[in-house]
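The values are calculated or read from the model by the stated rules, or taken from the named source; none is laboratory data. Because the structure is predicted, anything quoted here is derived from the model rather than measured. FYI the Cβ positions are ideal-geometry reconstructions off the backbone, even for glycines, and counts take in every protein chain you see. Note: accessible area is taken over every heavy atom of the protein model, side chains too, but ligands, DNA and RNA are not part of it. Shrake-Rupley method; radii C 1.70, N 1.55, O 1.52, S 1.80 Å.
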Amino acid sequence: MEILKINGQNKLSGEVTLHGAKNSALPILCAAILVKGESVIHNCPDLSDVKTTLKILEDLGCTVNRQGDTVVIHAENITASKIDENVMRTMRSSILFLGALISRTGCASIYLPGGCDIGTRPVDMHIKALKSLGAVIKENGSSITCCAEHLTGAKIILPFASVGATENIMIAAAISKGRTTIINPAREPEICDLAEFLNKCGARIYGAGESTIEIEGVESLHSCEHKIIPDRILASTYMCACAVTGGEIVINDVRPTHLSPVFPVFNEMGCRLYLDRNSLRISAPKRLRRVKMIKTMPFPAFPTDSQSPVTAALSVAKGTSVIKENIFKNRFRFVSQLNRFGADIAVDEQMAVINGVKELHGADVYATDLRGGAALVIAGLTAQGTTTIHSIEHIDRGYAKLENNLEQLGADIKRIKYEEVSEKKCIEKETAT
Ligand code: UD1
């Protein structure tokens, strides 16, 4: 068990470089199962969710090697088509193995996935779409078995532009008979990255990032090399960290078009943004200004994953901001922890009203989920005094060495092993008695 300790109010300055996008890495690693050869994946972030995915690949018979930020997967011999229930429970994206395994082995046996507790997260669209492609699916409680001799192209209309469902269909239909059309697919940059990886392997996917995706099924995929796009959610998290400390930092390796939905929000907060090729300089005012209204929506609108860190930033802005969360029902759970810092945020179902306070004070808090955990780090950076964040395993799912990078920017933030904390408490107790 580990905790983060932050002594707040250090102004951030300097440069930081983004790591690869978690939400690209996970589907691309799942899709590597389709390749009867070698997938060389560069810029693969070293996160706990990525580690879990690599472990699943090994359990299924792949050989996996990591050297720095490059991961090499050999998937010549897939020896299993079942994923352990406990592993499935740790990560929502494990559902993508359903499409990958049926396509590769003709059969898949998995369990309902877990992941962050940010609201009910059904997989009905995934199941319905795979059935349209010809898979026979049996659900028994939390277990799902899925079989198909081969998959056949179909027209699939998604009632909501689900990121995961779009990815599952793309992965499953890449090797299939005929043409698959996805109407109303998700258009996130990570969808385009997955399509680019699959196309480099010989798939024929057209229209990723647009309102219709066409997939001409092919017979097999071959080895390839691919570099994962930089993490846009990490970029917005660093922007919040800079914003709340009144700092000025440069974020390297950004893709401006991926961040265009968040730029207007930071401008409205009073931050100045300067783009120079793939670098973004952000300069924050002494005190942030409120943002009238933010609504989370599928790309190209404001991303739900940036909502929590931005909520934390707005908690110290001058004036009242309103955020409407339209993607996940339960994504304001972290707010009760944020209010422990002295923030004044009221939540009514999927709406948060944030009355900006002048200053937060350090608090002892628990990360409730990945991005909610990042919000607590942002609060700790601006708070007066010391903050302790527990349950940081949530944060480690999506941020690699976050504390080291923030420390490099001038933050006073340390990761402490829980044993050390307990030991220190014992010593303090002994000295006191
Ligand atoms: C992905 C991202 C996550 C991000 C989310 C929205 C990964 C690994 N995770 O999650 O970080 O917050 O996109 O941008 O890429 N839904 C259904 N039925 C389904 C599928 C989804 O009702 O079969 C609902 C979900 O409950 C949710 C909404 O659709 O309310 C969006 O979910 P989806 O876009 O599928 O998100 P994920 O792929 O789970």
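Worth a mention:
- The label point for D412 and the one for R272, both projected 7 Å from the Cα toward the Cβ, are 2.9 nm apart.
- Descending Cα extents along the principal axes, the stretch 128-201, whole Å: 34, 25, 20
- Counted residue by residue at 0.36 nm each, then reduced by the alpha carbon distance between them, the extension gain from S336 to S279 reaches 17.0 nm.
- Alpha-carbon centroid distance for the pair the stretch 1-75 / the stretch 267-310, whole angstrom: 26
- Simple spin-label estimate for R89 and K51 in nanometres, 7 Å along Cα-Cβ: 1.9
- Where a label projected 7 Å from the Cα of C147 along Cα→Cβ would reach, residues of the stretch 88-107 with amide N under 18 Å: 98-107
- Here the chain carries DSSP beta bridges of which approximately 70% are antiparallel, counting only pairs with both residues inside.
- In the full protein context, the chain carries 41 Å² of accessible surface per residue, based on a 1.4 Å probe and ignoring ligands, DNA and RNA.
- In this simple spin-label model, placing a label point 7 Å from the Cα along the Cα-to-Cβ direction at both D364 and E15 gives a separation of 4.2 nm.
- At the listed q of 0.11, 0.13, 0.16 Å⁻¹, the Debye profile of the stretch 154-262, built from one uniform point per Cα, gives log10 I(q)/I(0) equal to -0.43, -0.56, -0.75.
- Zone of T320's modelled label, taken as backbone nitrogen in the stretch 352-366 under 15 Å from a point 7 Å along Cα→Cβ: 352-357
- In a simple Cβ point-charge model (Lys, Arg +1; Asp, Glu -1; nothing else charged), the stretch 102-259 has a dipole of about 460 debye relative to its Cα centre.
- The C-alpha atoms of the chain define a longest principal axis, and helix 418-432 lies at about 30 degrees to it.
- For the chain, the residue among L151, L18, I175 whose Cα projects farthest onto the positive side of the dipole built from Cβ charges is L18.
- Extension gain, E76-K329: 0.36 nm per intervening residue step, less the Cα-Cα distance, totals 87.0 nm.
- Each listed q (0.07, 0.09, 0.12 Å⁻¹) maps to a log10 I(q)/I(0) for the chain from the Debye sum over equal C-alpha point scatterers, namely -0.35, -0.57, -0.98.
- Range of Cα positions in the stretch 331-371 per principal axis (Å), largest first: 26, 22, 12
- Per residue, the convex hull volume that the Cα atoms of the stretch 309-417 enclose (Å³): 95
- As computed over the stretch 87-220, the Cα convex hull volume per residue (Å³): 98
- The chain: relative contact order in percent, alpha carbon pairs under 8 Å with at least 6 residues between: 20
- Relative contact order (%) - criterion: Cα under 8 Å, at least six apart; region: the stretch 21-176: 20
- The chain, accessible surface, carbon-and-sulfur percent (1.4 angstrom probe): 48
- Efficiency of FRET from Cβ geometry, Q67 and K286, R₀ 45 Å, rounded to 0.05: 0.50
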